[in-house]
Structures are given as structure tokens and as C-alpha cells.
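Here the structure is laid out as C-alpha cells; the discussion comes afterwards.
The values are calculated or read from the model by the stated rules, or taken from the named source; none is laboratory data. What you see is a predicted model; the values in this text were computed from it and never measured. Reconstructed Cβ throughout: ideal geometry from the backbone, glycine too, with neighbour counts over all protein chains shown. We work out accessible area using only protein heavy atoms, side chains counted, and drop any ligands, DNA or RNA first. Shrake-Rupley method; radii C 1.70, N 1.55, O 1.52, S 1.80 Å.
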Amino acid sequence: MQCNYAMKGSRTTMESENLPILRIRVVKFLIQSAHDLEVAPIVKYSALSLFADRFYPSLSGITSSNASRNWLLQPITESNLQLFALVSLWISSKLHTSHPLSIKLLKSFGDKMIKEQHFMTRDLLDAEVIFMQILKFEIGTANITFVFLEELLIQFKEVAKVGELVNWEACMDVMDLLYEKEETSVSYSSPCSLAAAILVASYLITVPVQEWEFPVLPWVQFVMPFIEEDIVEQIRGILLHVLETDTDC
């Protein structure tokens with residue numbers, strides 16, 4: 001990923017017309033940071049859930065009401081959002097690993113990756129407090145798409161040999177793609193259904209056609225109750241986005 005940002009004098013602020021583009025850039029920054037910091041997948045996807053699904057959508061109300069006078073929120077810039085993205089990884093690593101990311105490591109990483117603003121250690125600590133306050137200290141990540149998808153794939157492998165052919169890396173690539181697409185990110189509000197759709201889509205993408213013998217769609221409908229039309233539409237949307245990305249490449 002190339003991180004080319006404008007200088008401080010032309011920082012990107014969170015104006016309404018910039019919201020979709022700004023969100024996509026910061027989500028990509030978070031995904032790349034998770035890769036560079038070599039965090040576990042559960043840390044990465046918990047951080048994405050905390051930041052993209054919960055923290056970021058809450059900011060519009062805060063900025064419109066001017067409820068906060070902290071400089072990290074007034075105004076909200078791309079570099080400030082990148083700081084909060086790193087904070088989400090920091091919090092997630094505390095939740096899911098016995099050796100979480102250190103503030104010294106995050107400070108050093110931020111100095112290298114965030115080009116238009118230099119943050120101090122104190123800023124990281126302040127950003128963590130603000131992040132937690134905006135989430136009202138509700139940082140549970142047991143009900144995220146990643147967790148449901150991981151459990152679903154384990155069950156699939158137990159009932160069908162073809163489950164071993166489903167590529168787990170492809171499943172995670174699909175999750176990344178959906179987070180990077182503004183118009184599809186809303187799907188994460190229904191993690192169970194989305195996990196099932198991602199599994200079926202990954203099955204169709206990675207399992208050879210001659211191995212398509214197991215009735216995977218009826219099986220996920222049995223394991224997870226939802227309306228058939230909903231998951232079929234989600235699967236179709238995922239496949240279209242994957243094909244669109246392959247074409248762009």
C-alpha cells in the first residue's frame with residue numbers, strides 16, 4: 001500500500017462530501033497497519049469492528065453537535081483518524097493477546113506511517129480515552145463476523161471433506177474487501193448472515209467446480225436461521241465485488 005498524504009497545511013478534514021473516500025482510506029490504512037504489525041487475525045478484525053462498525057459511524061453526530069472540544073476531534077482530519085485506527089488495534093491486542101502491542105511500538109509505527117501529523121505518546125493515551133468514551137466503553141467483540149465465520153468453517157469441515165478445500169485466506173480477503181467498500185460495509189451490522197454469505201462465496205471462489213457436491217447453501221441455512229433471499233443477495237453482491245476487484249487489477 002502506498003501512503004502518500006498531503007502536507008499539514010492541506011490536511012483532509014471530515015467534511016460530508018469527503019466521508020466515503022476518507023473512510024475507505026483510513027480502513028485501508030488500518031488493514032495495512034495490521035499486516036505490518038503482524039497482529040493475529042482476531043486482533044485485526046476486532047479492531048476493524050471497533051473502528052469501522054462502531055467508532056467511525058458515531059463521529060458524525062459528535063462533529064455536528066460540537067460536543068467535544070478535544071483537538072483530536074475538532075476538526076477531524078485523516079491523520080487523526082489514522083491515530084484512532086492504531087488505537088483500535090492497540091485496544092484489540094489488549095483484549096485478545098497475552099502480549100499486546102506496546103505504546104512504544106505504536107508511537108514508532110505512527111511516526112513512520114502517519115505523514116502529515118506528528119503525535120506524541122500522550123496523544124495516543126488521550127486518543128484511547130476518547131475512543132473508549134465514544135464507544136461508551138462497550139468493547140466486546142464476541143459477536144463479530146470474523147468469529148462467526150471461523151466457527152462456521154470449523155463446523156463445515158466437520159460435516160464435509162470439501163470444507164478442507166475452502167481457502168481461509170480467501171475468506172479473510174473477502175472480509176477486507178467488504179470493509180474497503182463503503183456501499184457494502186453496512187453488511188457488517190448482520191454478522192451471522194454475512195459470515196454465512198462469505199463462507200458460501202469463498203466456497204464458490206476457491207473450491208474446484210468438480211468438487212461442488214455438498215449442498216453448502218442449504219447447510220448454512222440450517223445452521224444459521226435467516227431468510228433465503230437475504231443470503232442469496234449477499235452472496236451475489238460479494239461475488240460481484242470480487243469479480244470487479246479482479247477486473248480492476
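Fully extended, how many nm does the chain gain between V129 and E164 (0.36 nm per residue separation, minus their Cα-Cα distance)? Intermediate results must be reported in sequence, preceding the final value.
Values: separation 35, 0.36 × 35 = 12.60 nm, distance 4.26 nm.
So the extension gain works out to 8.3 nm.
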- [ ] Keeping all protein chains in position, work out how much accessible area T206 exposes to a 1.4 Å probe, and write it in Å² to the nearest 10.
- [x] 40 Å²
- [ ] Could you tell me the accessible area of R236 in Å² (1.4 Å probe, neighbours in place), rounded to the nearest ten?
- [x] 110 Å²
Open item on the list: So, taking all protein chains as they sit and a 1.4 Å probe, how much accessible area belongs to M224, in Å² rounded to tens?
Closed with: 30 Å²
- [ ] Using a cut-off of 9 Å between beta-carbons, work out the net charge of the residues near F119 (Lys and Arg +1, Asp and Glu -1, F119 not included).
- [x] 0
Open item on the list: Given points 7 Å out from each Cα along the Cα-Cβ axis, report the H35 to M120 separation in nanometres with one decimal.
Closed with: 3.4 nm
- [ ] Using a 1.4 Å probe and counting only protein heavy atoms, arrange E233, E78, E211 so the residue with the most accessible area comes first.
- [x] E233, E211, E78
Task: Residue (of P57, L101, V26) at the positive-pole extreme of region 14-173, dipole from beta-carbon charges - done: L101
